[in-house]
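See below for the structure under consideration.
The values are calculated or read from the model by the stated rules, or taken from the named source; none is laboratory data. Just so you know, these numbers come straight off a predicted model, no measurement behind them. Virtual Cβ from ideal backbone geometry, glycine too; neighbours counted across all protein chains shown. Heads up: the accessible areas ignore ligands, DNA and RNA and are worked out on the full protein's heavy atoms, side chains in. Shrake-Rupley method; radii C 1.70, N 1.55, O 1.52, S 1.80 Å.
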Amino acid sequence: MGRKFFVGGNWKMNGTKESIDKIVDFLTKGPLDPNTEVVVGVSPCYLEYVRSKLPQTIGVAAQNCYKADSGAFTGEICPAMIKDCGCEWVILGHSERRNVFGETDQLIGEKVGFALKQGLKVVPCIGEQLEEREAGKTTEVCFRQLKAIADNVSDWSKVVIAYEPVWAIGTGKTASPEQAQEVHAAIRNWLAENVSAEVAESTRILYGGSVSAGNCRELAACPDIDGSLVGGASLKPDFVQIINATQ
Ligand code: PGA
């Protein structure tokens, strides 16, 4: 069975009801390739609003959640709240969570495990910083981050990995298709060696980092790139072209 192409939109800390209505409008009009699975990641305060407005064929994700089901964790949300808002996905370990908010590999692994146990589907993110790439440590860093995640995964059918080189996020500097394909193949190989051949074959690995209408097709054409996680361009009508990148 082939891996269904997957495009995630990561709205980050953007959006008002007014601007969300415009996004809902272009996503509803599409037309969107029915062979692409689409999920948008929204701020917690708009989860329910977005869920109520978008067609059910488009998934809605939170951009983070904590690893407990309730309690004294001021400012946090839990998987049960995401589900209570009608949503079934969460993005975890985004580089901004790691690098702006100091989340560790261990915490991200624990969050992935907890969210899966609570019945969410998860998009865990990994990726190297520029200095790490320049020091030849790209795969070392990605494998370390991936191991902390994989150690907590019980059901890989609920996981879509996002590889996002930190130097490509929000910079307009996309990894070349060759650079991205090389790391995607290495990640898939790591899954084959450390999890199983079946999981390596069936798990979708997304590329993220300055994906645009202009570069999405050549990225999508790479054999180990199964879709994209899109920040800035997911707020614009261009997102439709990115969703349709394999048409
Ligand atoms: P970008 O963000 O597409 O704006 O580079 C990608 C991401 O952070 O997921």
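Principal axis analysis of the Cα atoms in the range 5-243 yields extents of 44, 44, 33 Å, listed in decreasing size.
In this structure, residue 221 and residue 69 have a Cβ-Cβ separation that, at R0 = 41 Å, corresponds to a calculated FRET efficiency of about 0.45.
Distant-in-sequence amide contacts of residue 90, defined by a placed amide H-H separation under 5 Å and a gap of 5 or more residues or a different chain, comprise 62, 121, 122, 123.
Across 186, 220, 150, mean-square fluctuation computed from a Gaussian network of the chain (C-alpha pairs under 10 Å connected) peaks at 186.
Counting only protein heavy atoms and a probe of 1.4 Å, the accessible surface of the chain is 51% carbon and sulfur. Fully extending the segment from residue 26 to residue 101 would add 23.8 nm, taking 0.36 nm per residue of separation and subtracting the current Cα-Cα distance. Full extension of the chain between residue 52 and residue 118 gives 21.6 nm of extra length, using 0.36 nm per residue less the Cα-Cα distance.
Return the subset of 53/158; 137/173; 22/67; 117/173 for which the Cα-Cα distance in this structure is over 29 Å, preserving the input order. Each step should come with its number before you reach the end.
Working: 53/158 24 Å; 137/173 19 Å; 22/67 33 Å; 117/173 36 Å.
Going by Cα-Cα distance, 22/67; 117/173 fall outside the 29 Å limit.
The alpha-carbon of residue 12 sits under 14 angstrom from the alpha-carbons of these aspartates and glutamates, leaving out residues fewer than 8 places away in its chain: 96. Each label point was placed 7 Å from the Cα along the Cα-to-Cβ direction; for residue 16 and residue 84 their separation is 2.9 nm. When the chain is treated as a GNM with alpha-carbon contacts under 10 Å, the residue of 166, 42, 141 showing the greatest mean-square fluctuation is 141.
At 1.4 Å probe size, with every protein chain present, just tell me what the per residue accessible area of the range 17-70 comes to in Å².
Result: 49 Å² of accessible area for each residue.
So, R0 is 35 Å and r is the distance between the beta-carbons of residue 158 and residue 178; what FRET efficiency does that work out to, to 0.05? After rounding, the FRET efficiency stands at 0.70.
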